[in-house]
Amino acid sequence: MSATYEDFTKIDIRVGKVVSAEPVPGAKKLLKLMIDIGGQSKQCIAGIGLNYAADDLLNKSVAVVTNLAPKKLFGLESEVMLLAAVEGDILSLLKPDKEIAAGAKVA
């Protein structure tokens, strides 16, 4: 099934800045991130702990989907979805290549 342009425009992708990051106790690969998306912080539970250390993510800019329905992962609510490219065991976060404000819309 193909998505239309209008389907794509319904997705709100923003630049976020990681303001805190910590492993989720008892989970092998989950990290709990707080992400500033322009004056508002949202919680993200992401399965990236095998590829990224929590401390390495602090103050990093990342791309997140902000308008998905919240989802519970390991008993914690994830309010935004972190975007990454995956190829086999390689995971690479999508991030801007220049400094840009948290909350900037990805178009």
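Any read-out appearing in this document is the output of simple, stated calculations on the displayed coordinates, not a laboratory observation. All of these numbers come straight from a predicted model, not from anything done at the bench. So basically every Cβ, Gly included, is an ideal-geometry build from the backbone, and we count neighbours across all protein chains shown.
Summary table
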item: Placed amide H near residue 84: partners under 5 Å, 5+ positions off or other chain; result: 94
item: Qualifying GluC sites (Glu not before Pro) for segment 38-103 [loop in DSSP, other Cβ within 10 Å: at most 12]; result: 99
item: C-alpha center-to-center spacing [segment 15-81, segment 87-107] in angstrom; result: 13
item: Along the chain, longest interval not containing exposed trypsin sites (Lys or Arg not before Pro), exposed being DSSP loop plus at most 11 other Cβ atoms within 10 Å; result: 29-97
item: For residue 14, net neighbour charge (Lys/Arg +1, Asp/Glu -1) across residues whose Cβ lies under 11 Å away; result: +1
item: Residues residue 2 and residue 22, FRET efficiency given R0 of 30 Å [Cβ-Cβ distance, rounded to 0.05]; result: 0.15
item: Rounded FRET efficiency, nearest 0.05, which uses the C-beta distance separating residue 85 from residue 107 and R0 of 25 Å; result: 0.85
item: Cα-centre dipole for the chain with unit charges at Cβ (Lys and Arg positive, Asp and Glu negative), debye to 20; result: 180
item: Net lengthening on full extension, residue 97/residue 68 (0.36 nm per residue, minus Cα-Cα); result: 8.0 nm
item: Percentage relative contact order, segment 11-93, counting C-alpha pairs under 8 Å, at least six apart; result: 30
item: Rounded if a/c under 1.5, otherwise prolate or oblate - segment 11-93, Cα gyration tensor axes; result: rounded
item: Estimated FRET transfer efficiency when R0 is 22 angstrom, pair residue 76-residue 56 (beta carbons, to 0.05); result: 0.60
